[in-house]
């Protein structure tokens, strides 16, 4: 069964600290993996898109990694800010086109305290 | 920011009422989607469209219906709302010629509460 599991379910950190969010998937065949950020009461916004051949990709203070062999991805946030408080959703696609099916994780709820 | 808009943002209605959630995008995307999201749960696909006059049901069974008469417009309708329909509804679009990443662009969502 194709699944996407995220951990932890929720996380609280102090402003300025780093954190790492995990995403494990069983989706096959794998096409690509995306991390989205969803602020409370808003729609998700894409942070990174990673294909099979990519191991690391950065977007400002966000760095995503992908290990296609172990089917794991992580999202590392450096020097967290209050505005990083949001839900981070891992989404895996099983084909290389927009016709591919998407599998969503339940998200990690990150809270950054001052 | 993505050019995809949903109205209303919030709606509280009584049981049995008919409602339409509007979704419009100005990016020229062929593919549009409706997702349902409950707190702490993953997004569930309820409807999608690959172009004008094309609509399909998603993975999650829904009593809602959709239409796609124009590329930019993808409204969702509930003929008779029930409390079980209370949820957050997210509209999204993707594609564009030559695109194969499948990145979704989401609207801000419509939070529906049925009393």
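Please work out the FRET efficiency for the pair residue B:61 and residue B:7, using the Cβ-Cβ distance as r and a Förster radius of 35 Å; give the result to the nearest 0.05.
The formula returns an efficiency of 0.90 here.
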With no solvent term and unit scatterers on the alpha-carbon positions of the protein assembly as shown, Debye gives log₁₀ I(q)/I(0) at q = 0.08 Å⁻¹ of -0.29
Fewest-first ordering of B:46, A:89 by Cβ atoms within 10 Å yields B:46, A:89
Quick calc, residue B:22 & residue B:53: beta-carbon distance into FRET formula, R0 22 Å, rounding 0.05, result 0.75
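May I ask you to order B:20-27, A:47-54 by the average number of other C-beta atoms within 10 Å around their residues, highest value first? Walk me through the numbers on the way to the answer.
Numbers: B:20-27: 17.8, A:47-54: 15.9.
Packing proxy ranking, top to bottom: B:20-27, A:47-54.
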Each label sits 7 Å from Cα toward the beta-carbon; between residue A:70 and residue B:15 the label points are separated, in nm, by 5.1
Projected onto their principal axes, the Cα atoms of chain B stretch, largest extent first, over whole-Å spans of 45, 30, 25
The stretch A:38-114 and the stretch A:10-30 have their Cα centres apart by a whole-number Å value of 8
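Taking Cα atoms of the stretch B:16-55, Rg/Rh with Kirkwood Rh, to two decimals? Display every interim value, and only then the final one.
Numbers: Rg = 12.6 Å, Rh = 12.2 Å.
Ratio of gyration radius to Kirkwood radius for the stretch B:16-55: 1.03.
Provide the FRET efficiency to the nearest 0.05 for the residue A:113-residue A:28 pair, computing r from the beta carbons and using R0 = 35 Å. Provide the component values of the computation, followed by the final result.
Values: r = 39 Å, r/R0 = 1.11.
Efficiency, rounded to the nearest 0.05: 0.35.
Every number here is computed from the coordinates shown, using simple stated rules; none is lab data. Nothing here was measured: the structure is a model prediction, and the numbers come from that model. Glycine also receives a Cβ, built like all others from the backbone with ideal geometry; neighbour counts cover every protein chain displayed.
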